[in-house]
Each structure stands twice: as C-alpha cells, then as structure tokens.
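Working notes, structure below.
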Amino acid sequence: MSKSTIVYAEGKRTRFKSGLSLVTIFVVASVLLLAWRADVFRDHSFIRIPDFVVPAMVGCIVLTPVILWFVRSTLGIQIRNQNTPTSWKIPNTATLLLILFLCVGGFVIALRSKKDGASIGNDVQFLEESAQSGVRFVHAKPIFDPRVSNIMPWLSAVGASASAADYDNSGRTSVFLTNSNFNSQDALFRNDGTRKGIPHFIDVTEESGLRDINKDGVSMAAAWGDYDNDGFPDLYIVRAGGGNLLFHNVPVLDDKGNAVIGPEGVARRKFVNLTRESNTGSVGYGVGALWFDYDRDGRLDLVVADYFASVYSPRIFGSTAAEVGREPLDLWHLKDTRFMPDSFNNARNGGGVMVFHNEGDGKFSEVHGSLGLRHTGFALAIGAADLNNDGWPDLYVANDFGPDDLYINSRTEAGDRIFSRVEGGFTADKIGRDTKKGMNVDFGDVDHDRSLAI
C-alpha cells in the first residue's frame, strides 16, 4: 500500500492524493460487517470480541479517510514543500486508521468493562462467595450396599440439590440444600439481607424444624410450593428410601399466641411435618418433584419422579409378575441386582412418575393411573409447561436409559383430564432426536414465535 501524499505550494490549492483506494475501504468494511452479522467473532474467536467492537471498527475505517481529507484540506497541513528538500512526515493513512481505532476502541472497551465489572460486553461475571455469604455446606453422598461398589460413583452421583424460595415473605430469596447420606443434615439458609454488597445467609435448619431428615431415608431433591394458598411456600422433600416428606410452612408463635418478629421486622416461620395427614409420603427412589396445577382448579398438584422402582423388577432374570410388590427394593441391603435397567436404550423397569391431586383440604390423592401416566422409565427430571398453547400445562419427563416422554394434557369425552403420551425417538416426527440419556429439562421461547421449545 503506498503512502498518502499531500503536496503543498504557496498560493496554490492543497491537493490530496491517496494510495489507499476507497473501494478497498468499503470492501474491508463490508466483509467485517458480514462476519459480524454471522456471529463469526462471537462464536469462533479465541478471544471473544464484544458485539459493539466490529461496528465501531467499521465506522472508524469508513469515516477516517473522510475526516482526514477534511482536516488536511481545511488546515492546509504541509507535508512536502516544492521549494525546499526538507519535509515534515506524518503517519500514512493506514497507520492513522490503526491508531484511531485502537484509541477509540480501547476507550469504549474500558468504559464498558468498568460499567460491567470484570465482564466484557453483555457477559455477566459470577464470583464464588459462599464463605463470605455464610453458606457453609458440604454434600455427603449416599453409600449403598457393597454389592454395587463397582458402580457406586454412578449410583451416588445424585442428591446434591438446591432449591430457592422467599419462604418468609421478606422479599429475599432463601436456599434449602439437601444432603444424601444417613444422619447427614439438610440445611435451610435464611437470607438475612446484604452486607457490603454480598447477600448474607443464616443457617436456621434447627429452629425451622428441618433437622434429622435423613434418619430413615436420604434426601435427593426438594421443591417449594404454596399448596394451601396461604401466601407462604411449603416444602416437599424427595428421598431415597424411607418415604418423601411434606412440610407445611407455619408462623412461629410465642407463649401468648402472637407471631414472633425478628429484629429486621420479618415474622419468623417454621415447618411442620404433615406427610401422613396429606398422603404424600410415597416410598421410592425419587430424584425430583414439581408443583403444577394440571387441572387449573387453583390448587397446586404434585408430581414426583422416581429413578428406581420401589420393588425388584419382574422383567429381569426370569422373574414373574407375581413378585411385584412382594420384594421391596432396599439399596442399602440388596438381595440381588434386579433393579438395574433392562435395556440401555429402552428401559421400562424404572420408578416412573407419581401425581398427587390436591383435594383442597390439606389432603392429596394419587391419580397418575387415572391420568394415563403409567410411566415406568428411569426418570431423572420432570418439567411442566403449556407446549401446545391450549392453556393447559403438559408434562415432560427426561429419562435415563431410554427415550424421553412428552405427555399432552387433554380431556376425555367425560370431561376429565388425561395425559396422552408422545414417545421420543431418533426421528423428527416424534419429539426430536433423543440421546436416551435425559438428565434435565427446561422450556423457553428461543425463537420468539410464541411457542415454547424444549
């Protein structure tokens, strides 16, 4: 590329001659813009370039020659005098472009970085501040029968669960953490506000009535939901062995029956075990739970996902159907290993899902059979959302060792609710290409077409 030259002579008009072609400028600018629109810099760079950098660079490239020409023509900068052999040299156009871009781009990036902390562009930075916030918790894995010691890392890879809710209506989100070994303690950390910009939590497990959860079973997951519509979320804990637990959120009262108010002006809350009264203490090997109002009666219903069945499988090693229900499964004291999946790609001897209908009087009834949810896969996660835009929540089950299942919430001729199963597979006419190793599920309108994607 040749250097730009300005020839100056006294009494003559300044002339600008540039070796940098305007065509080249616009070609480079166009290529950069097209690459930016195709997310080349965002997705394929070793160092992620923020969204605003490329348009700023293109603007500099296009505008700089115009600005330079205007400045030089107006001020008459002398580069080389016709009457003298000496000259005062300034950087060529390419160098000026680079300097201008670096200065402007660096200044803008510095401003954006200062605004966003240590992040760049629209990124968000997360810092590990558990110790500073008062959350000191170490998860303990379950330890099962020595017969399965060779696969113990796999079997014990679940149970580390965190669920968040504003359980005391303080306007701040608190956290419940599960532990998964016998006699280990779950923990409820109440959000006590911020200190020096960091949320501060206080361990209120004992005073809230949530100690000793893991005596006859171990916690695997938990879900918050206000099942009695009193404005305070209640807590359902899914366990392996021993049965699941439902805790009702109630106020802490003093000797005179008045609510106890904390120093920050928030009424204290505690939890009462109403598992037996509510009929929600199913015994199994659950890994997840979800509150959703499947019949839209204004009361939250409950669905539970079980990984293993609660009894030994009748589908393995020549067992008969008569054995179902006679041999309860105990992972800590195994009779044999007939609880393992009967297929790597289509296992149907798992725990499946259970649905409890909220009757409105503090009691629940098991309705998964009447709803058509005779699911027997190795369920690892469940999600509910209105996927066909008919106003009724559908159910999605992510399965291990088999295809996921989508259940559409529909109505029978008699007017009752029923879930119709759409099985996953490797073809596009089903619910999509399935890895058959489902671990989680979530929904979102990713393409803004007002329909939820899975």
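The values are calculated or read from the model by the stated rules, or taken from the named source; none is laboratory data. Computed from a predicted model, the values in this text were never measured in an experiment. Methodologically, a virtual Cβ is constructed for each residue, glycine included, from the backbone with ideal geometry; neighbour enumeration extends over all protein chains shown. Note: areas computed on protein heavy atoms with side chains; ligands, DNA, RNA excluded. Shrake-Rupley method; radii C 1.70, N 1.55, O 1.52, S 1.80 Å.
Remark: accessible surface ordering of M340, M220, M439 (largest first) is M439, M340, M220, probe radius 1.4 Å. Nearest 5 is fine: what % of DSSP beta bridges in the stretch 340-454 come out antiparallel, could you say? Taking every DSSP beta bridge with both residues in the stretch 340-454, the antiparallel ones total about 90 percent. Amide H contacts of V135 (H built 1.01 Å from N, in plane; Pro and chain starts excluded): F201 sit under 5 Å, all sequence-distant by 5 or more or on other chains. Shape class for the stretch 177-247: oblate, because the ratio a/c of the largest to smallest gyration tensor axis (alpha-carbon atoms, square roots of eigenvalues) is 1.5 or more and b/c is at least a/b. Note: the stretch 127-281, Cα convex hull, 128 Å³ per residue. Pairs of Cα atoms in the stretch 156-205 fall into 5 Å distance bins, from 0 up to the last occupied one, in shares of 5, 20, 25, 21, 14, 9, 5, 1 percent.
Using the Cα centre as the reference, give the magnitude of the dipole from point charges on the C-beta atoms of the stretch 131-244 (Lys, Arg: +1; Asp, Glu: -1; all else neutral), rounded to the nearest 20 debye.
Dipole of the stretch 131-244, to the nearest 20 debye: 620 debye.
Rounded to the nearest 20, the Cβ-based charge dipole of the stretch 328-420 about its Cα centre (Lys and Arg +1, Asp and Glu -1) stands at 240 debye.
For the stretch 330-454, the extents of the C-alpha atoms along the principal axes are 49, 42, 25 Å, listed from largest to smallest. Towards the positive end of the charge dipole of the stretch 339-454, with charges on Cβ (+1 Lys, Arg; -1 Asp, Glu), say which of A347, I408, V441 has the farthest Cα. Toward the positive end, the furthest listed residue is A347.
About its Cα centre, the stretch 227-379 has a charge dipole of approximately 400 debye under the convention of +1 per Lys or Arg Cβ and -1 per Asp or Glu Cβ, with nothing else charged. Couplings for the stretch 144-160, taken from phi via the Karplus curve 6.51 cos²θ - 1.76 cosθ + 1.60 with θ = phi - 60°, read 9, 4, x, 4, 10, 4, 5, 10, 4, x, 6, 5, 9, 7, 10, x, 7 Hz in order; Gly and Pro are left as x. Taking other residues whose beta carbon is less than 11 angstrom from the beta carbon of H357, and scoring Lys, Arg as +1 and Asp, Glu as -1, yields -3.
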